[in-house]
Amino acid sequence: MVNVVGLGYIGLPTALMMAAHGVEVVGTDYNQELVNTLNAGKTTFKEDGLDELFEQAVKAGIKFSTKYEKTDMYIVSVPTPYDAESKKIDASYVVSAVKSVMDVCPKGATVVIESTVSPGTIDRFVRPVVEANGFVIGEDIHLVHAPERIIPGNMVFELVNNSRTIGADNVEIGEKVKGVYKSFCQGDIVVTDIRTAEMTKVVENTFRDINIAFANELAKICRADNMDVYEIIRIANKHPRVNILTPGPGVGGHCISVDPWFLVGDYPGLANIIKMARTINDGMPDFVLERIHTIMKEKGMDDVSRVGFYGLTYKENVDDMRESPTLQMLESMERHLCGNLVKVYDPFIEKNVVPNQYHDLDEFLEAVDFVVLLVGHDEIKNNMEKLKGKVILDTRNICFLEGVYKI
Ligand SMILES: NC(=O)c1ccc[n+]([C@@H]2O[C@H](COP(=O)([O-])OP(=O)(O)OC[C@H]3O[C@@H](n4cnc5c(N)ncnc54)[C@H](O)[C@@H]3O)[C@@H](O)[C@H]2O)c1
């Protein structure tokens, strides 16, 4: 039996996938409300194919609980934020979850950390907790790191098809855990040591962040001299060894905007490009605000309450708002005392999370003259004609109506 600890964006689909493929699974989360929702037969976030997977897993007998189970394998997928001051990983959630696991786990159990962690975290934070409970690592308890690569919006497909990494202290344990993931994963599974697995995962997200920062910096340079960044990237990408990403309003989510900071925090004198990339990407929401200000001046507009932000999530077609550029822009506007004036709408966010939030596209459009496209949800891509007559700032390069402004 496997006890998956932490049933969020990563833990839930992983638990469901295993259960749907014949592994006996109990999912544990200390959030009682979340467990109640799952036990009531409902999923806790929107994701393509998740409801169907949930149904299969429930039929296969998956259980959800706030209690930790006595079992031979644990998969820990709890949050790993960074400390705002030091930029180092905040391992407190992982430590607390492992402590709770230690209270119930029998000798011989394998504890898999799926959460993304900075290199050395398992040595520095997890091993001491296991040893403090009287276990000998490698004899009584086996530690493994199995980071996740799935992308919100395509999680169910990627869980099956991505390749993945398993870091273990010895190859036999690595192979044993690989066998469990093989129950559903058709990708290549590489077995390595724990520190290599930790570093590899953080490096992957850092690579993405740096490449996004390059595209964003190009957007700023092109804007300064009125060049078309998208056309320049389109042409440059015809070069067989060039693949520039698309600029945007910033980087959100729980991975790319977080993990590179771990390296900045741990290697302050060495992680220079990495720090610069983070700073460039974190500066994009303010750059978009400046664009809005310039366009309003150009158009002779002065009423911020007639400006509408389309999209609250950090990427298209998901309901995850963590670290989203829109939220960062609203926060920044709040500091200038105008954050509660703009109108906001996102088809994926049903709850009211910000002031002046609309829940109907037509009503939202009626209330604004200037639409800032911040997320490329399919909904707006399929309804572009509704934007005719509005002033439009398109930060995602999805709108090709006449007169549209780009970042
Ligand atoms: N979201 C992504 O796209 C993504 C992709 C790859 C990797 N990751 C990594 O996976 C990890 C989990 O991220 P997430 O997005 O699933 O987070 P999340 O916030 O969606 O979910 C974490 C869950 O853990 C629960 N939890 C926290 N501490 C607990 C404890 N001690 N006992 C029981 N439950 C506990 C919380 O209640 C929450 O439901 C992070 O390290 C993240 O960096 C996330």
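The values are calculated or read from the model by the stated rules, or taken from the named source; none is laboratory data. These figures come from a predicted structure and were not determined experimentally. With ideal geometry, Cβ positions are generated from the backbone for all residues, glycine too; neighbour counts draw on all protein chains shown. These area figures cover heavy atoms from the full protein model, side chains too; ligands, DNA and RNA do not enter into them. Shrake-Rupley method; radii C 1.70, N 1.55, O 1.52, S 1.80 Å.
For residue 123 and residue 30 in one chain, what is 0.36 nm times their gap in residues minus the Cα-Cα distance, to one decimal in nm?
Values: separation 93, 0.36 × 93 = 33.48 nm, distance 2.51 nm.
Going from the current span to full extension adds 31.0 nm.
Using only DSSP helix segments of four residues or longer, with each worth -39500 (n - 2.57), what per-residue ellipticity at 222 nm results for the chain after dividing by its residue count and rounding to 500?
Value at 222 nm, helices only, nearest 500: -12000 deg cm²/dmol.
Applying a 10 Å radius around every beta-carbon, put 141-147, 293-299 in order of their mean neighbour count, most first.
On the way: 141-147: 24.9, 293-299: 13.1.
My ranking of the peptides, most packed first, is 141-147, 293-299.
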task = Report, in debye and to the nearest 20, how large the dipole of the stretch 73-123 comes out about its Cα centre when Lys and Arg carry +1 and Asp and Glu carry -1 on their Cβ.
result = 120
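By accessible area of protein heavy atoms, probe 1.4 Å, what ranking do 193, 320, 188 get, highest first? Walk me through the intermediate numbers first.
Values: 193 70, 320 5, 188 105 Å².
Listed by decreasing accessible area, they come as 188, 193, 320.
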task = Starting from one equal scatterer on each C-alpha and no solvent at all, send me the Debye-based log10 I(q)/I(0) for the stretch 214-337 at q = 0.13, 0.17, 0.20 Å⁻¹, two decimals.
result = -0.66, -1.06, -1.29
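For the stretch 197-267, run through the trypsin sites (Lys or Arg not before Pro) and keep only the ones in DSSP coil with at most 15 other Cβ atoms within 10 Å of their Cβ.
Qualifying residues, ordered by number: 238, 241.
Rounded to the nearest 5, what % of the DSSP beta bridges within the chain are antiparallel ones?
Values: 3 of 42 bridges.
Around 5 percent of the beta bridges assigned by DSSP in the chain are antiparallel ones.
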query = Packing-wise, with mean Cβ within 10 Å as the measure, how do 14-26, 322-334, 265-277 rank, highest first?
reply = 14-26, 322-334, 265-277
key: Antiparallel content of DSSP bridges confined to the stretch 2-192, in %, to 5   = 10
query = Using every alpha carbon pair in the chain, what percent of pairs falls into each 10 Å bin from 0 up to the bin containing the largest distance?
reply = 5, 21, 28, 24, 15, 6, 1, 0
ask   = So how much slack lies between residue 136 and residue 338, counting 0.36 nm per residue of separation and subtracting their Cα-Cα distance, in nm?
value = 67.0 nm
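For the stretch 2-192, go through all pairs of different Cα atoms, get the mean of 1/r, take its inverse, and jot down that Kirkwood value in Å.
Kirkwood radius, the stretch 2-192: 16.7 Å.
Please give the direction-averaged projected area of the C-alpha convex hull for the stretch 146-239, in square nanometres with one decimal. Show your work: numbers first, answer last.
Values: hull surface 32.2 nm².
In nm², the orientation-averaged hull projection of the stretch 146-239 is 8.1.
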